[in-house]
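The values are calculated or read from the model by the stated rules, or taken from the named source; none is laboratory data. Source: prediction; values computed, not measured. So basically every Cβ, Gly included, is an ideal-geometry build from the backbone, and we count neighbours across all protein chains shown. Just the protein is used for accessible areas: all its heavy atoms, side chains included, with ligands, DNA and RNA removed. Shrake-Rupley method; radii C 1.70, N 1.55, O 1.52, S 1.80 Å.
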Amino acid sequence: MTQPTDRPTPAWWRTASIYQVYVRSFADGNGDGVGDLAGVRSRLPYLRDLGVDALWFNPWYLSPMADGGYDVADYRDIDPLFGTLADAQDLIADAHQHDLRVIVDLVPNHCSDQHVWFRAALAAGPGSPERERFWFAPGRGESGELPPNDWQSYFGGNAWTRITEADGTPGPWYLHLFAPEQPDLNWEHPEVRTEFESILRFWLDRGVDGFRIDVAHGLAKKPGLPDVGADPDITDLPYQDVDAVHDIYRSWRKITDSYPGERVFVGEVWLPTPGQFARYLRADELHSAFNFEFLCSAWEHDAVRGVIDGTLASHRQVGAPPTWVLSNHDTIRHVTRYGREDTSFDMGDKRLGAPTDRALGVRRARAAALLTTALPGGVYIYQGDELGLSEVEDLPDHLLQDPTFVRSGGTDRGRDGCRVPLPWSGAAAPLGFSPDGSAAPWLPQPADWAGRSVSAQGDDPGSHLSLYRAALRVRRSILTTLPEEISWLQSLPGVLAFSRGDSFVCAVNFSTQPVPLPEGAVVLLSSADCNDGLLPSDACVWLRPHTS
């Protein structure tokens, strides 16, 4: 395959393969059963050899861990569970030595109820300046016994908690769109703006290459905090996508642009329309954002084609690169989803426990891996995706730590099933996650994960891991140099095929029958054996087309 020589080299983040590290479950270096920064440092050669360009770390800050670290008590320090600030700086330096960039999670919508600001707000009393950094409001009802409005928490229940003042009297309510331990910050307050600009500089000065912004659509709220109402317009909710949020990101972009090395922002943006989503990616705001529409899509020809078309069109409007993601720390692992009758994902109805055909899920997951890495833009890989791990759906209730389990009254088992510690080697727990003789992993690993460990797959050319390594190798050396646009090709029913330039074709067979490959085409990589020139059902192939 001939590589183009007349195309300028794109900014790294436009084509990056980014690996998500959920630190708590990646690798345990000190033997306490919990992943940590020392464990990550010991596995950097694995990540380098996998072929990714950057690492995204879930929150590693000081935290009571009411929501897995997304309740931050100190944005400038590392939780002792994971290590120290010196460990983080060593990890950043080591990652750079392995040609891996580092993206850290930033949680600006809310902090922990143990943050010094919130503790000061509770202590300071009614009407104090300390409380103005948050959303305190009097309750409704005769004695203020009802919440200030009808907003609901994403984790279940109402989004307000009433405090008790120091003298024992009932006080106002405070807003928390997530757990009560995560009070929302008031982004109308100038001190909040100033503080987070300082936090950005703190980590940029320590060498991080970018930030993933949690709940990027939710920082600003409508003035007066109006009710949602019984029949809301989902494109105009009072607690998300409020125009004032864009001014925040324009000010942040000026900060990253003032640093060398192409520092970036990646937004977690869950919004109902492509137009709303695209506004966050304008040239003076965020560099990129997660493509949740693709993650949520069913594994069906028309659905996938529609999402790809819509994604490319919305990003084209603002000149931003698309991103492609199949799983993350909040969702059901796609090997499990793709083995179900309904292969789509809905955060409000995860369908935990639905029957799953693992072999079918793996076959589709392998095809999806090649599809996502073939598309233009960036691609995200959640830890364990490269091993073909399934959702763990039989964790005992008493071990579940996700607050959604408690807040939902047990009706939603939460997200712990995709956060089980990784298998690295060995025949029994901890499967190389911790040193021998260590404490048990914080969540139990399924026994059959021994056959899916890194060591079990590493030397098998047909393994899930080997497929990812091959795909990322070709992607880095060839695909990132190809045009950012795709051209759909006429194909057989149920087959999705596109080209990028005149030297690369990707084809996915969504039909139930094998289909013939184009005559004279050379197979570069395939998710399943293409015996007798046939592409099997639920398989993907990369081709160099025949040229006469």
Percentage, to the nearest whole number, of Cα pairs in the stretch 278-364 over 20 Å apart: 40 percent
Point-to-point label distance, S425-D94, nm (Cα→Cβ direction, 7 Å offset): 1.6 nm
Rg to Rh quotient for the stretch 404-488, alpha carbon positions, Kirkwood Rh: 1.16
Relative pair counts by distance (%), Cα atoms of the stretch 230-389, 10 Å bins: 10, 35, 33, 18, 4, 0
Cα-centre dipole for the chain with unit charges at Cβ (Lys and Arg positive, Asp and Glu negative), debye to 20: 1360 debye
At R0 = 41 Å, FRET efficiency that the Cβ-Cβ distance of S128 and D233 yields, to 0.05: 0.70
Spacing of the two label points (7 Å from each Cα toward its C-beta) at V406 and E519, in nm: 6.7 nm
Local electrostatic count, P180, Cβ distance below 14 Å [Lys/Arg +1, Asp/Glu -1]: -3
Hydrodynamic radius by Kirkwood, which averages 1/r over all alpha carbon pairs of the stretch 184-280, in angstrom: 14.7 Å
Computed over the stretch 259-300, Cα set: Rg, Dmax in Å: 12.5, 43
Separation in nanometres of the label points that stand 7 Å from Cα toward Cβ, at R351 and D459: 4.0 nm
Relative packing of 532-542, 486-496, 402-412, which averages over residues the other C-beta atoms within 10 Å, highest first: 532-542, 402-412, 486-496
Debye-sum result for the stretch 103-171 in log10 I(q)/I(0), which assumes one identical scatterer on each alpha carbon, at q = 0.23 Å⁻¹: -1.20
Label zone at E188, where the point sits 7 Å out along the Cα-to-Cβ direction: the stretch 130-157 residues whose backbone N lies under 12 Å: 132-137
Mean Cβ neighbour count within 10 Å, used as a protection proxy, ranking 439-446, 167-174, 253-260 highest first: 439-446, 167-174, 253-260
Relative counts (whole %) of C-alpha pair distances in the stretch 1-112, using bins that are 5 Å wide: 2, 11, 20, 22, 16, 12, 6, 3, 3, 3, 1
Residue-normalised accessible area of the chain, given per residue in Å² at a 1.4 Å probe: 39 Å²
Computed magnitude of the charge dipole of the stretch 1-126 (debye, nearest 20; Cβ of K, R +1, Cβ of D, E -1): 360 debye
Using a Förster distance of 45 Å, the FRET efficiency for A137-S198 (Cβ separation, nearest 0.05): 0.95
Cβ-Cβ FRET estimate between D74 and A440, R0 fixed at 45 Å, reported to 0.05: 0.95
Convex hull projection area averaged over all views, the stretch 152-195, Cα basis, nm²: 4.0 nm²
Surface share of carbon and sulfur [accessible, 1.4 angstrom probe, percent] for the chain: 51 percent
Highest-first arrangement of 276-283, 350-357, where packing means the average Cβ count within 10 Å: 276-283, 350-357
Gyration tensor (Cα) of the stretch 77-229, equivalent ellipsoid semi-axes in angstrom: 35, 17, 14
Of every Cα-Cα pair in the stretch 209-253, the percent that sits beyond 18 Å: 35 percent
Computed over the chain, Cα set: Rg, Dmax in Å: 23.7, 87
Built amide H within the under 5 Å cut-off of D67, gap 5+: none
Cα pair count fraction exceeding 22 Å, expressed as % - the stretch 322-410: 31 percent
Positive-end residue of I199, P172, G210, charge dipole of the stretch 170-232 with Cβ unit charges: G210
Rg followed by Dmax, in Å, when the stretch 443-548 is reduced to its Cα trace: 16.0, 57
